[in-house]
Amino acid sequence: MAHCVAGERHRDHEGCSKMGRIEIDELRCKGCGICTIACPKKLITLCDKVNIQGYTPAQASSQELCTGCALCAEICPDVAIKVFK
Ligand code: SF4
Ligand code: SF4
């Protein structure tokens, strides 16, 4: 079993996963959906509601499972996702 690294935040002792959190800027998001594919944890979906620009923006759920890998932010063509670790 892996051990926690001192000072790292983690979800649980079993996996010692680092935690992360994302924020999606709804006004920048064009609802392309690329981030929903990129997230290895499948934490991002497109919203049912249309934003002021007529797009269905991305939304994140179950953020306690986010590892902070930042793949979603790196792939977003509109720089609409910020990742916090
Ligand atoms: S940082 Fe990684 S795990 Fe978290 S939402 Fe983005 S792609 Fe998913
Ligand atoms: S990749 Fe960016 S623009 Fe596309 S749905 Fe995700 S947050 Fe929105």
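Data table
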| quantity | calculated |
| --- | --- |
| Pairs beyond 20 Å (Cα-Cα), from LYS41/LYS82; LYS41/LYS85; LYS18/LYS49 | LYS18/LYS49 |
| Contact order relative to length of region 21-84, as percent, for alpha carbon pairs under 8 angstrom and 6 or more apart | 45 percent |
| Stokes-Einstein D (µm²/s) once Rh is taken as the Kirkwood radius of region 21-84 over alpha-carbon pairs, at 25 °C in 0.890 mPa s | 215 µm²/s |
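Since every read-out is calculated from the coordinates, none of them should be taken as a lab result. If you're wondering where the values come from, they're calculated on a predicted model, not measured in any experiment.
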